[in-house]
Amino acid sequence: MKIKFTLGSLGLIFLIIFFVISAAAVAIIDSRVTNKLEGVLWTIPAKVYARSLDLAEGKKVNKSYLIRELDMLSYSENKNPSRPGEFIYKENNLKLFLRGYEDQKSGLFNILIDDGKVEKITNQLGISVDLVKLEPIAIGGMYPSHMEDRILLSWSQVPTILIDTILSIEDQNFFNHKGISFRSISRAFFTNVKARDIEQGGSTITQQLAKNLFFTSEQTIKRKVMEAIAALLIEFHYSKEEILLAYINDVFLAQSGKRAIHGFGMGAQHFFGTSVSNLETDQIALLVGMLKGPSLYNPRRNPNNATNRRNLVLDVLHKGRYIDLISLEGYKSRPLGIVSPSFRSETKYPAFHDLVRLELREKYEDSELRTTGLKIQTNLDPVLQESLEHSIKKTKNQLVKKYGDTLIELEGAAIVIDTSTGEIKAVLGSSDPSKFGFNRSINAIRPIGSLVKPFIYLTALNKYEEYNLTTILDDSKLSIKSGGEIWEPNNFDKKFHGKIPLHVALWQSYNIASARLGMELGYDSVQEMFNKLGIDKSIERYPSLFIGSFEMSPFDVIQSYQVIAADGFYSPLRSIRDIKDLEDDIDFSYPYKIEQRIRPEPVHLLKFAMKQTFVSGTARGYPKNNIESWQAGGKTGTSDDQRDSWFVGFAGELLVLVWLGFDDNRPTPLTGRSGALEVWKNFINDVQPSEVERNSFSRIKYIWTDKKDGLVSGKKCKNSLLVPFIIGTEPNTIPSVRSKCATKPKKNQSDVMQKLKKVFEEGQG
């Protein structure tokens, strides 16, 4: 049977096929629209921030430190601060126009700073304020593979002027059309012809959203038809407010390296360093104007284009009576006010981010960090971090100049913590601070050299019935059998020093005396002390352990020294302060924890000896006024064949550890003093820690003793040193074999010698 098809029947068949295909296409597009908009619309990377700087009455403030942070936040100096992001620091008064952060409102504040402390804070009306917060610097993020970065806004967070500006420029008929608007197309055409510029777009906001979410930018009829269908379906399913909010959060504004800046929330932070709610009308005009050409009107690359475009948008707002003529002229006269690129969310401090990730993994999956928009506030101090980076670069350049090109490949690691809280303030994992990859601060396991000695000496001092700082140790030749071989340690100076007081052996870092002390104490006692200091690894029972063959990472070393610097109180090191969700509610916090591991009195004795390291020991030569004002102390460390250069030291509220060496473990020309110590000094001298008072303990008594034999002496004696003792352990009388001094001072000393002697004696006290 033959079927005859007429022209009419063929047309009907084709019409049916067309409708079926069209219906299928519409169904597919509808499914994509609803699945996209009703599910997780965007993956929001977790943002990582430095700590926010809080200024409150009574808080210690370093002027240069504060100005450096304002500069890093892209605050500009202005004689009369009149808009967010401006300040003037004159004499003791800081006039600061805050951008605003969380519950901290934007506004002008006067902050009186006297004698290194905040004395008073008042607002614009002269009313006293307890606290002001500087916004934290965004230092990185946990980005998804497509590297889109955005800050998600809710409807209540969108300023009315932003909505008005978007609608005036992009879609004046938005609330009246159903997704597509022929009226808008024709009106935009004639408006732009009249203005001889692009004032308005022809596509509706809904069409633009559809294109951004579902289609490419190809200029084809097929794409335009599909876009129109998607726009109609979006309008069918969702309210105008939902569509507009999605558009506000989705628009592309800039490319920053590999990171794409999307949405006005992220745009406000990226270009102005603040939130959308704190933007002024001219700033909003600039961002909205950029939608027409994010690259062409990028204010950093093309400031003239950006200024002209901003002013055109302001003109439109004036025509629409959103701003008056006086405001228009004022806004046009303003500079763009763009913050420097240093205020960015690109991962800038890779070593610190490694620590953050390690802590996050205990509570979060990677997928959560890349999609749910968590806000991670860390303990990072950006000024300390930048200073640490500068210090290691400066020191390495100095060392290369001194020792030659053999040190070009010299690597390093450094960590800065707050002594009392355990907050990690700065971290380096390489001598090149921007370098990603192997993080030596946590992953390099190296022999710690003489850094182990304070652990041994603290073990002894903690047995205060048996040991004190003047207990005599033996630094004569030592030869013992260990591991089937004869072990004969040497001191760094290749000399033997006989009978010497315990504290001298420590600050001079004598190997033989330390080894004898360790063996006398026993491995079990030393292991117990290691555990108290937070070292959870078991020690191998060989005598070279006591002079530094013990291996640790820089992170583990500074954790153990934190207990020492904090007078026996253990606080676990923390890089994160708290984590908030998209609604700014606390999702998780990392509370401050403290546990007394060792009595403070024995630790005080040890810190005294570590202070003498700067005065007369292996780190000698540091200015005495700095030692006293910061109550500074430290310990050098050098491993076998000078393969590792270490220094750890506390000053003010800071504890800083530095390691230098080669990755292939080859020898260096550096000791702890000539290498790592130089990084430490450059850093501490740059940041100038807060002055601290000497701790006083009721159970501690200071007595003048002789540095050679540890016996009671007198203040005027040549080798006298004022040494602390736990009450009940101090020597009481001068032995009968001596009158007053171990060695009587020579008569007829010159005036110069007398003066030098006086300086020395005062420095000891």
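The values are calculated or read from the model by the stated rules, or taken from the named source; none is laboratory data. Source: prediction; values computed, not measured. Please note: Cβ atoms are built from the backbone with ideal geometry, for glycine as well, and neighbour counts cover all protein chains shown.
Odds and ends about this structure:
- In the range 382-436, the residues that are under 15 Å from Leu660 (Cβ atoms) and of a type in the set (A, V, I, L, M): Leu388, Ile392, Leu399, Val400, Leu407, Ile408, Leu410, Ala413, Ala414, Ile415, Leu428
- Here Asn92 meets the list (1) touching a residue at least 40 places away in the same chain (Cβ under 8 Å); (2) outside the structural domain of Leu291 (by TED's automatic domain parsing); (3) not hydroxyl-bearing (Ser, Thr, Tyr) almost entirely, failing just condition (1).
- Complete set of residues in the range 83-97 that are in a loop (DSSP other than H, G, I, E, B) and loosely packed, with under 15 Cβ neighbours inside 10 Å: Glu91, Asn92
- Set Lys348, Lys332: member being touching a residue at least 60 places away in the same chain (Cβ under 8 Å) and either out of contact with any helix residue (DSSP H, G or I) (no Cβ under 7 Å at 6 or more places or on another chain) or part of a helix (DSSP H, G or I) (or both): Lys348
- Some residue of the range 397-407 being crowded, with 23+ Cβ neighbours inside 10 Å and either free of Cβ contacts under 8 Å to residues at least 24 places away in the same chain or of a type in the set (Val, Ile, Thr) (or both): no
- The criterion of at least 2 residues that are crowded, with 18+ Cβ neighbours inside 10 Å is met, among strands (runs of 3 or more DSSP E) falling completely within the range 575-692, by 576-580, 633-638, 644-651, 654-661.
- Qualifying residue in the range 576-599 (condition: modelled with pLDDT of 95 or more, within 30 Å of Ser482 (Cβ to Cβ) and of a type in the set (A, V, I, L, M)): yes
- Single residue of the range 432-455 satisfying the filter (buried (at least 23 other Cβ atoms within 10 Å of the Cβ) and assigned to a loop (DSSP other than H, G, I, E, B)) that is modelled with the lowest pLDDT: Pro433
- Residues that are at pLDDT below 85 and not in a helix (DSSP H, G or I), drawn from the range 230-273: Tyr238, Ser239, Ser256, Gly257, Lys258, Arg259, Gly273
- In the range 501-552, counting only helices (runs of 4 or more DSSP H) that sit wholly within it, the ones holding 3 or more residues that are surrounded by fewer than 22 Cβ atoms within 10 Å (Cβ to Cβ) span 511-521, 523-532.
- The range 147-168 residues that are assigned by TED's automatic domain parsing to the domain that holds Leu287 and part of a helix (DSSP H, G or I), paired with ones that are surrounded by 17 or more Cβ atoms within 10 Å (Cβ to Cβ) and among the polar types (S, T, N, Q) (beta carbon under 6 Å, 6 or more apart): Ile161/Thr281
- Gly672 being under 25 Å from the mean Cα position of the chain (by Cα) and closer than 19 Å to Trp507 by Cβ: no
- Here the condition is being in the same structural domain as Leu153 (by TED's automatic domain parsing), more than 24 Å from the chain's Cα centre (by Cα), of a type in the set (Phe, Trp, Tyr) and under 27 Å from Leu98 (Cα atoms); of Phe236, Phe252, Phe264, Phe272, it holds for Phe264 alone.
- Flag if Leu721 is modelled with pLDDT of 95 or more and not basic (Lys, Arg): no
- Test: residue in the range 502-509 that is under 24 Å from Leu660 (Cα atoms), modelled with pLDDT of 95 or more and assigned by TED's automatic domain parsing to the domain that holds Ala651: no
- Against the test of being in a helix (DSSP H, G or I), under 16 Å from the mean Cα position of the chain (by Cα) and at pLDDT 85 or above, the options Gln385, Gln377, Gln398 yield a single qualifying residue, Gln385.
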